Amino acid sequence: MQDVEPAATQIPDLTVPRSVPWGGAVAHLRASEAAHRLVPLPVANAALDLGQRLAVSRDPARLDAARAAMAAVVGGTEREADLEHLAFRHLCAAGRGWELMWRPRALLALPVEGLHHLSQVEPGRGIVFSTPHYGPLVGLAALPCAVGTIDGAVGEHLAAATVPAGYHGHQIEQSRRVLVQAGFRVVRAAASARTFTRTLTDGGRVLLNFDVPGTFPVQFLGKTVELMTGTARLAAKTDSVVVPVLPRPRGRGWYVHLDEPIDPRRHDSWQSVLQATADVHSRLILAAPEHLESPLREGGWAAATRDGWRRAH
């Protein structure tokens, strides 16, 4: 999911499967849900972790990159002392997240906790679910089943008519498939504000990513981070509440966590709403920061260090 830009285009045929060009037998096997189901999830995760250890021993630069990512996330926070441990766990988290994506029934069956918070929302008001790039890619798949239809913003890779060949193409198509199975009404992120404004004004629900590079400075994860402001602006404009939500690890599994609503009526500006949302996400993320997607990812911040994340150099 993505933050929003100004106007609206709904993707017309996301329910129609897209053909992935052949990229070899290995890619096809890696993307087979049936093949993944043959291996118990704990065994698959242990094998993935072992694979990461072998990969790091052959290429230490992998761990250096993970260390830089985690330094940007936990730098300036109480978790900075755990950096070395978190760096390797960050590498493992990515593989484990995708392993779960190939098991969509497990994602759809995740328990949703905190639904009682929604009883605080006055009937007829819209809800902006705010989530970071955290955990399995569609780790909130169970949410529409629990609360009803949700408009979700997606990037151009899901809006395109075609997908690339090979495993990456299968990953994109799997993301589309899980979103459809979950019951999201998917909206193109670029030029989506009009659609979301209408949905919220009508008392509906939207899901937006919080950690999207922008130009507004916010205190996030113990540092100044430049973010987009669509979450707070939409909530303030439409008199909707913001509900922070993310998948959280527990033991060997996951659950979907809903936090307390953030009501713009109790804040003097959308800027205050944005900072309050950042504070909640910081608290939730720092409980297990290795699962946050790297701010140095493609399409992320131009500069992200322990001292701050900047959209441009």
* To do: Check Glu78 against each of (1) under 21 Å from the mean Cα position of the chain (by Cα); (2) among the charged types (D, E, K, R); (3) not in a helix (DSSP H, G or I) and name the one condition it does not meet.
  => (1)
* Asked: Given the conditions (1) farther than 19 Å from Ala27 by Cα; (2) over 17 Å from the mean Cα position of the chain (by Cα); (3) in contact (Cβ under 8 Å) with a residue 60 or more places away in the chain, which single one is not true for Ala182?
  -> (2)
* To do: Could you check, for segment 143-153, whether at least one of its residues is closer than 19 Å to Leu14 by Cβ, under 18 Å from the mean Cα position of the chain (by Cα) and small (Gly, Ala, Ser)?
  => yes
* Restricting attention to segment 198-252, which residues are basic (Lys, Arg) and within 15 Å of the chain's Cα centre (by Cα)? -> Arg248
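Within segment 147-163, track down each residue that is touching a residue at least 60 places away in the same chain (Cβ under 8 Å), over 28 Å from Val73 (Cβ atoms) and touching a helix residue (DSSP H, G or I) at 6+ places or on another chain (Cβ under 9 Å).
If the condition is that a residue be touching a residue at least 60 places away in the same chain (Cβ under 8 Å), over 28 Å from Val73 (Cβ atoms) and touching a helix residue (DSSP H, G or I) at 6+ places or on another chain (Cβ under 9 Å), then Thr162, Val163 are the ones that fit.
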* Asked: Somewhere in segment 102-113, is a residue within 21 Å of Ala278 (Cα to Cα), modelled with pLDDT of 95 or more and not aromatic (Phe, Trp, Tyr)?
  -> yes
* Working carefully through the options Val4, Val74, find the one that is more than 23 Å from Arg103 (Cβ to Cβ), hydrophobic (A, V, I, L, M, F, W, C) and modelled with pLDDT under 95. => Val4
* To do: Filter segment 187-208 down to residues that are open to solvent by 10 Å² or more (accessible area, probe 1.4 Å) and part of a strand (DSSP E or B) and give me whichever is farthest from His28 (Cα to Cα).
  => Arg205
* Given (1) within 30 Å of Ala27 (Cα to Cα); (2) at pLDDT below 95; (3) open to solvent by less than 50 Å² (accessible area, probe 1.4 Å), index of the condition Tyr134 fails -> (2)
* Could you tell me which numbered condition Ala159 fails, if it satisfies all but one of (1) more than 16 Å from Gly139 (Cβ to Cβ); (2) at pLDDT 90 or above? => (2)
* Structure fact -> Taking segment 285-295 and keeping residues buried (at least 19 other Cβ atoms within 10 Å of the Cβ) and not in a strand (DSSP E or B) leaves Ile285, Pro289, Glu290, His291, Glu293, Ser294, Pro295
* Positions within segment 158-186 being assigned to a helix (DSSP H, G or I), open to solvent by 20 Å² or more (accessible area, probe 1.4 Å) and among the basic types (Lys, Arg), in sequence order -> Arg177
* Candidates Gln219, Gln181, filtered to the one that is of a type in the set (S, T, N, Q) and in contact with a Pro (Cβ under 8 Å, 6 or more places away or on another chain) -> Gln181
* Answer yes or no as to whether His90 is farther than 15 Å from Trp254 by Cβ, part of a helix (DSSP H, G or I) and free of Cβ contacts under 8 Å to residues at least 24 places away in the same chain. => no
* **Test: His85 is free of Cβ contacts under 8 Å to residues at least 24 places away in the same chain and either assigned to a helix (DSSP H, G or I) or touching a strand residue (DSSP E or B) at 6+ places or on another chain (Cβ under 6 Å) (or both)** => yes
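The values are calculated or read from the model by the stated rules, or taken from the named source; none is laboratory data. Please read these numbers as outputs of a predicted model, since none were measured by experiment. Note that each Cβ is placed from the backbone with ideal geometry, even for glycine, and that neighbours are counted across all protein chains shown. Each accessible area value is taken on the protein alone, full model and side chains, heavy atoms only, with ligands, DNA and RNA left out. Shrake-Rupley method; radii C 1.70, N 1.55, O 1.52, S 1.80 Å.
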